[in-house]
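This report concerns only the one structure given below.
The values are calculated or read from the model by the stated rules, or taken from the named source; none is laboratory data. Here the structure is a predicted model, which is why all the values come from computation and not from measurement. For neighbour counting, all protein chains shown are included, and Cβ atoms are generated from backbone atoms with ideal geometry for every residue, glycine included. The accessibility values were calculated without ligands, DNA or RNA, using every heavy atom of the protein model including side chains. Shrake-Rupley method; radii C 1.70, N 1.55, O 1.52, S 1.80 Å.
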Amino acid sequence: MDPGGIERIRSAMIPLMSGLLDGLLLAAAPEGGKLGVVDSVVKFFKDGGPFMFVNLFWFACSLAVAAERFFTLMFRYNLHAPPFMEQISKLVMTGNVDRAVKLCSAAPNAPLAKVIRAGLTRANRGEIEVAKAVEEALVEHTPHVGARIPWLWSLANIATLVGLVGTIFGLIGTFQALGNVPAEQKQQLLSDGISKAMNNTAFALSIAVLCIVFHLILTSYSKGMVESVELNALRLENLLSRRNAGEPGDTDTRAA
């Protein structure tokens, strides 16, 4: 598309969005004339221009990814490992492998339960088969723990760049318009242009900071979950090895 067409589209979009936000601002304005929280947010977006709505989309995407990962890791995949592995150890050392498999099936979404179940189903086929089954289950299920978390870092970069583009466009439009207005209007026009530029920058950096915080929390939690799964998978292999060799388990040692 030629530059003239892009400029016409941009000129048509700005009055439309501005009129929509003006209507919302007038409808929500209190009688005293003092802006509330909602009014301040609407005015903030109105002063920022069309690129604020682009970043609003990326902000919604960031919240959706973070919410989905928090729900998945905290609820669907979460399994308290110490009591779970203690029950598994008791059942295995007393010869109730089938009950241990059923216990794993009671948590069908947890990666830890899936990996332990894969090893238990090969418990009577030797140490090599158990090790292969556990390794295959680890490769299959642990990548799901950290899925989509790296998106937050990319979304932070995208939001920052979109905010920078909005800032540059706001400044370009302001300085272009300064040459076509009387001197007494230049100060107001310059103030509006700087406000538009700073609003884009502030909103973009806020999104980026939020994404980085979410990324830090989720990465730390998912890494801890994967390490727990790997550690308990190794414990299961050692437990089955001791069982096949006729050695006492931890439960039997404590009882003795």
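Taking a ≥ b ≥ c as the square roots of the eigenvalues of the Cα gyration tensor of the range 94-206, is the shape rounded (a/c under 1.5), prolate (a/b larger than b/c) or oblate? The shape class here is prolate. Model label points for Asn109 and Arg235, set 7 angstrom from Cα along the Cα-to-Cβ axis, are 2.4 nm apart.
The alpha-carbon of Lys196 sits under 16 angstrom from the alpha-carbons of these lysines, leaving out residues fewer than 8 places away in its chain: Lys43, Lys46, Lys186.
Ranking request for peptides 110-117, 208-215, 177-184: highest mean number of other beta-carbon atoms within 10 Å first, then the rest in descending order.
Details: 110-117: 23.8, 208-215: 19.0, 177-184: 9.6.
Going from most to least packed, we get 110-117, 208-215, 177-184.
Of the accessible area of the range 52-203, computed with a 1.4 Å probe over protein heavy atoms only, carbon and sulfur atoms account for 62 percent.
Solvent-accessible surface of the range 77-226, averaged per residue with a 1.4 angstrom probe and all protein chains in place: 55 square angstrom. Backbone phi angles across the range 85-94, fed through the Karplus curve with coefficients 6.51, -1.76 and 1.60 (θ = phi - 60°), yield HN-Hα couplings of 5, 5, 5, 4, 4, 4, 5, 5, 6, 9 Hz in residue order; Gly and Pro are listed as x. Under 17 Å Cα to Cα from Lys132, which lysines show up? Leave out anything in the same chain fewer than 8 places away. Cross-link targets: Lys114.
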